[in-house]
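Structure record follows, encoded as structure tokens.
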Amino acid sequence: MTTLYSVVQYVPDPIANERVNIGVAIFAGNGPKFRFVSRLDKARSLGREGLGTVLDLMADVRERNFGPLGAPENWSFDKLGQLLGKWQNTVQFTPPRASTKDADLLLGELAELFLHDRGDADTLVESPEVVGHSTAAREVKKAVKDALATRLGSGAARQLLRSNAPLQGRSGIHDFDIAIVNGSPLVAARAISFRVKDDARLRNAVDAAAFAISDVTKVFRKIKAALVYIPPTQSNTEAFERAKSLGKKLHIPLVDHTESANWATRVVRGISAASVGLLV
């Protein structure tokens, strides 16, 4: 049986095109299998921009939330190549290649060949800075999933929930950490951490998140969208104050990550079973 495989790479600046291998993935048998490095030291040496995306991917792998990558019907050169090719930002996959070796044996050999610091999806150590975004994203994902399952059932949660969801705005497509989608998006959230260096990149991330939410709400007027955040350790940081100012100006709810469960319960409560064609 042919097994397709790919190398997962961290690319903090796609323009500079500097990259480092952070994992390997195979597609065969009873589902995709990943092996990641146990630490991100080498990745951090290139820059921290986008490390939260790496941790989000690892969290999805631990939860076996593979999306279209988990469907065997997509494991052909053409289809898998198209899916992997959609990852064009800070996390990228190499084009799929084929092997006739046993899947588990191949995974170990690929890790030996491409990863100098081998580990698995459960062993990567997060630095205090990186924990920020990844923690906020995971908490809001879990909160929305739990609230949706409570309101409409676990089947509806699986059917309607989207991770790393691309949503269409008036000016373009924007990625959200979590979304409830039934034809059109009903709920969406972006996550951000202010426990990183308060510099131009963080302020740009604030602007990007605010613009994404504002732009999507111009198309989907009834969507409940919010920015879920990890607060800074010091008060009155420039980026955090900017986020609060933009939130007020653009009418964007800012939700402390510790309140993500309460926010999720409120917004999901507003989704009627009839609106999604389901029975409670």
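In the set (1) touching a Phe, Trp or Tyr at 6+ places or on another chain (Cβ under 9 Å); (2) surrounded by fewer than 16 Cβ atoms within 10 Å (Cβ to Cβ), the condition left unmet by A165 is number (2). Being touching an Asp or Glu at 6+ places or on another chain (Cβ under 7 Å), assigned to a loop (DSSP other than H, G, I, E, B), more than 19 Å from A28 (Cα to Cα) and small (G, A, S) is a condition met by no residue of the stretch 48-60. The requirement of being closer than 17 Å to G52 by Cβ and at pLDDT 90 or above is satisfied by A209. Would you be able to say whether some residue in the stretch 95-102 is buried (at least 16 other Cβ atoms within 10 Å of the Cβ) and either among the polar types (S, T, N, Q) or modelled with pLDDT of 90 or more (or both)? Checking the stretch 95-102: at least one residue is buried (at least 16 other Cβ atoms within 10 Å of the Cβ) and either among the polar types (S, T, N, Q) or modelled with pLDDT of 90 or more (or both). Within the option set L84, L69, being touching a Ser or Thr at 6+ places or on another chain (Cβ under 7 Å) and modelled with pLDDT of 85 or more holds for one residue only, L84. I'd like to know if the stretch 5-22 contains one or more residues that are modelled with pLDDT under 85, of a type in the set (D, E, K, R), outside the structural domain of R190 (by TED's automatic domain parsing) and assigned to a helix (DSSP H, G or I). So far as the stretch 5-22 goes, no, none of its residues is modelled with pLDDT under 85, of a type in the set (D, E, K, R), outside the structural domain of R190 (by TED's automatic domain parsing) and assigned to a helix (DSSP H, G or I).
To keep it simple, each residue is scored yes or no on (1) within 19 Å of the chain's Cα centre (by Cα); (2) surrounded by fewer than 19 Cβ atoms within 10 Å (Cβ to Cβ); (3) under 18 Å from D175 (Cβ atoms).
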position	(1), (2), (3)
I22	yes, no, no
F36	yes, no, no
L40	yes, no, no
D56	yes, no, yes
R62	yes, yes, no
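Of all residues in the stretch 1-19, those that are farther than 12 Å from A98 by Cα and surrounded by fewer than 18 Cβ atoms within 10 Å (Cβ to Cβ) total 6.
Among the residues making up the stretch 267-280, those that are surrounded by 13 or more Cβ atoms within 10 Å (Cβ to Cβ) and modelled with pLDDT of 60 or more are V267, V268, I271, A273.
If P32 passes every condition in (1) touching a residue at least 24 places away in the same chain (Cβ under 8 Å); (2) in a helix (DSSP H, G or I) but one, which one does it miss? If we test P32 against (1) touching a residue at least 24 places away in the same chain (Cβ under 8 Å); (2) in a helix (DSSP H, G or I), just (2) comes out false.
The values are calculated or read from the model by the stated rules, or taken from the named source; none is laboratory data. Keep in mind that this is a model prediction, so the values were computed, not measured. Cβ: placed from backbone, ideal geometry, glycine included. Neighbour counts: every protein chain shown.
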